[in-house]
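*Asks:* One structure, pasted below without further comment.
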Amino acid sequence: MADAARPQVTTKRLPLSSQQREWLERAWAAVDRERLATLIADLVNIPSPTGSEGACAQYAVDDMRRHGIQAQYQQMTENRGNAVGWLRGKGGGASLLLYGHFDHYITGDADDRLVTGAIDHPSFHSKAVRTGNVIRGAGSGNPKAGSVACMLAAQAVAAANVPLLGDVAVGLVSGGIHKVQIGDAGRPYVDPKYQGFGSGCEYMLRHGMRTDFCVSSKPGYTVVWEEPGVIWIKLTLKGVVGYAGRRGVYKRPIEGAAVLIPRLVDWFEAYADRHSTGQAGAPGHIGAIEGGWPFKPDFSPAVCNLYLDIRVSPRSDVRDILAEFAEFIDSFKAANPAMDIEWKPFALMPGTSSDPNGWIVQSTMRAWEAVEGQPHQVRTGMSGMTDAALLRSAGIPTARLGGQLSTGADPSMGFLGGEGADLDVMMRVIKCYIHAIIDTCTRPREEVVEA
C-alpha cells in the first residue's frame, strides 16, 4: 500500500480526571483472570455452530444476571437467540454497546472436511484445552473470548460501583459467522446452520438496540474503524454431460474453468491494487469449486460452478464493483467465444467506516495506549469483514478491538492456526473496554456526542 494511502490518525489527548482514574483502577481490580479462563472454557464446551447458538446465549444471560447486569435472552428460533444485557446509568450520558457473537466457522460436521481436508486439531472441537496462557477449542479465540471480554468488562464496572451517566449495553448474538443459505448450488445449503451473515445482529437492531457508540470484540489487538464489505458471486461455466471414453467430443466446463481461473487470479491481484486504501484491504479469491460426481468421474458435468469472494473498500460502491467485474467477464468471453458463462451475486454487504477522529475511535485508541503505555500503531490491509458493517449502517459509530494469539500460532494450519484465546492479551482487552466505558459513559452526553 502506498504511503499516501496510509491513514494519518493521531490520538487526541483527553486524560481521565482523578475521579475517573480512581473508578478505572477499581474496575480493573475487579477483573479476575481465572474467571476469564473459566468463562471462555465454559462457552467453548457448549457447541454453538451457526443456527444452534441458543445454549451459549442463555449461559451468557444467566451469568450476566448473577453479576449485576440486567439481561434477557432474545429468542430468534427454537435453537438460537441473542444475549442482551444492560448496565444502566443515572441519565444524561452517552450509551455504549460492547458487541460479540457466539457461532464459529469450524463446527464438527461433514462440511468441515470440504475445507480442512483430513486435518484434525483441538481448535476444531467444542472441548476446551488449556495450555499455559492459551485456551483452544472451537470458537475459543474467535468469537468466544471476545464475547467473554464484553461480559467481564461490564460486570467489573458494575462491581466497582462506577457512577455511570450513560448506559452500557452488551450485545452477544447468533449468526455472526459469514455464511448464507443458497438453494441453487450443486446441492442446496438451506438448513438454518447456513443462516449467518449478521442475522443475529440484524435481529437485535430490529428489536430495539440503539446506542450512541459501539466497540466490537472481533479479533485483532489494534483499533480498527473501517472494514471492507463483500460481494459473493456464483459463476457458472456451461457445457454438456461428457464421457471419458469419447475424446474431444464434448464441451467440458471443468476444462473451461482451467482456462478462466488464471485470468481471474490476475484480475483479483490488479483489483486489490486499485482498491486497497486506508485501513481496508480489498482482495478477492475463489473460495469453492463445484461440479461432477466424485464417485463416478468417468462422466464430466454439464456445469462447473465457481464461488467468488470480492472485498469492497469503504470508498467503493458495490454497484461500481459489479460493473468492473462484468467488464472483465465480457472481455474474457470476447477472447473465448466458445465458452458459455453466467454469473450472479448471491450475497452483498457494503464496506463501512467510522470517523477516526470521532469519539469512539479516539476513546478506544486512548484506552489501548493507557493499557499498553505506548502510542497506538495504525494497521493497514485489514481485509476481514464483520458485523460492524451492519452496526455502522444502523448509524452506530463503531470501533473494533479484540484479542489475538501473542505466540503459538501453527503455520501449518493456515488461517485456522491462530484460533485460540490468549489470556494475557484478553486481560488487556478487558482493561481497554473498561477504560472506554469510563471515558465514554461518565461524561455528559453533549460532551461526548458533539466531540
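*Asks:* Consider region 349-370. How many of its residues are crowded, with 17+ Cβ neighbours inside 10 Å and either without any contact (Cβ under 8 Å) to a residue 60 or more places away in the chain or not hydroxyl-bearing (Ser, Thr, Tyr) (or both)?
*Replies:* Residues in region 349-370 being crowded, with 17+ Cβ neighbours inside 10 Å and either without any contact (Cβ under 8 Å) to a residue 60 or more places away in the chain or not hydroxyl-bearing (Ser, Thr, Tyr) (or both): 14 in total.
*Asks:* Answer yes or no: is there a residue in region 381-402 that is of a type in the set (Lys, Arg), closer than 21 Å to VAL148 by Cα and within 16 Å of the chain's Cα centre (by Cα).
*Replies:* Within region 381-402, one or more residues are of a type in the set (Lys, Arg), closer than 21 Å to VAL148 by Cα and within 16 Å of the chain's Cα centre (by Cα).
*Asks:* Given region 243-357, what strands (runs of 3 or more DSSP E) lie entirely inside it while holding 2 or more residues that are more than 28 Å from the chain's Cα centre (by Cα)?
*Replies:* Qualifying strands (runs of 3 or more DSSP E): 303-312, 340-349.
*Asks:* To continue, here is another question. Residue under question is ILE233, and the condition is that it be in the same structural domain as GLY291 (by TED's automatic domain parsing) and in a strand (DSSP E or B); does it hold?
*Replies:* yes
A quick yes/no check of all residues on (1) surrounded by 15 or more Cβ atoms within 10 Å (Cβ to Cβ); (2) in a helix (DSSP H, G or I); (3) touching a helix residue (DSSP H, G or I) at 6+ places or on another chain (Cβ under 9 Å); (4) not assigned by TED's automatic domain parsing to the domain that holds ILE437:
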| residue | (1), (2), (3), (4) |
| --- | --- |
| THR11 | yes, no, yes, no |
| LEU16 | yes, no, yes, no |
| ALA27 | yes, yes, yes, no |
| GLY51 | yes, no, yes, no |
| ALA55 | yes, yes, no, no |
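*Asks:* Now for a different question. Answer yes or no: is there a residue in region 349-363 that is within 26 Å of PRO283 (Cβ to Cβ) and either out of contact with any strand residue (DSSP E or B) (no Cβ under 9 Å at 6 or more places or on another chain) or of a type in the set (Phe, Trp, Tyr) (or both).
*Replies:* The answer is yes; a qualifying residue exists.
*Asks:* If you don't mind, there's one more thing I want to ask. Please identify the pairs in which a residue from region 180-192 that is hydroxyl-bearing (Ser, Thr, Tyr) has its Cβ atom under 9 Å from the Cβ atom of a residue that is part of a loop (DSSP other than H, G, I, E, B), counting only partners at least 6 apart or on another chain.
*Replies:* Correct list of pairs: TYR189/LYS179; TYR189/VAL180; TYR189/GLN181; TYR189/GLY183.
*Asks:* State yes or no: is GLY175 in a loop (DSSP other than H, G, I, E, B), of a type in the set (Gly, Ala, Ser) and out of contact with any Ser or Thr (no Cβ under 8 Å at 6 or more places or on another chain)?
*Replies:* No.
*Asks:* Going through VAL180, VAL223 one at a time, which residue ends up being surrounded by fewer than 24 Cβ atoms within 10 Å (Cβ to Cβ) and either farther than 30 Å from ALA302 by Cβ or within 21 Å of the chain's Cα centre (by Cα) (or both)?
*Replies:* VAL180
*Asks:* I'd like to check something: does region 295-304 contain any residue that is outside the structural domain of THR386 (by TED's automatic domain parsing), buried (at least 16 other Cβ atoms within 10 Å of the Cβ) and not hydrophobic (A, V, I, L, M, F, W, C)?
*Replies:* So far as region 295-304 goes, yes, one or more of its residues are outside the structural domain of THR386 (by TED's automatic domain parsing), buried (at least 16 other Cβ atoms within 10 Å of the Cβ) and not hydrophobic (A, V, I, L, M, F, W, C).
Okay, residues lined up against (1) out of contact with any strand residue (DSSP E or B) (no Cβ under 7 Å at 6 or more places or on another chain); (2) modelled with pLDDT of 95 or more; (3) charged (D, E, K, R):
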{"position": "CYS201", "(1), (2), (3)": "no, yes, no"}
{"position": "LEU205", "(1), (2), (3)": "yes, yes, no"}
{"position": "GLY208", "(1), (2), (3)": "yes, yes, no"}
{"position": "THR222", "(1), (2), (3)": "yes, yes, no"}
{"position": "GLY229", "(1), (2), (3)": "no, yes, no"}
{"position": "TRP232", "(1), (2), (3)": "no, yes, no"}
{"position": "GLY248", "(1), (2), (3)": "yes, no, no"}
{"position": "GLY256", "(1), (2), (3)": "no, yes, no"}
{"position": "GLU269", "(1), (2), (3)": "yes, yes, yes"}
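*Asks:* Moving to a separate point now. Determine whether ARG206 is in the same structural domain as GLU372 (by TED's automatic domain parsing) and without any contact (Cβ under 8 Å) to a residue 24 or more places away in the chain.
*Replies:* yes
The values are calculated or read from the model by the stated rules, or taken from the named source; none is laboratory data. Computed from a prediction, not measured in an experiment: that's the story for all the values here. Virtual Cβ from ideal backbone geometry, glycine too; neighbours counted across all protein chains shown.
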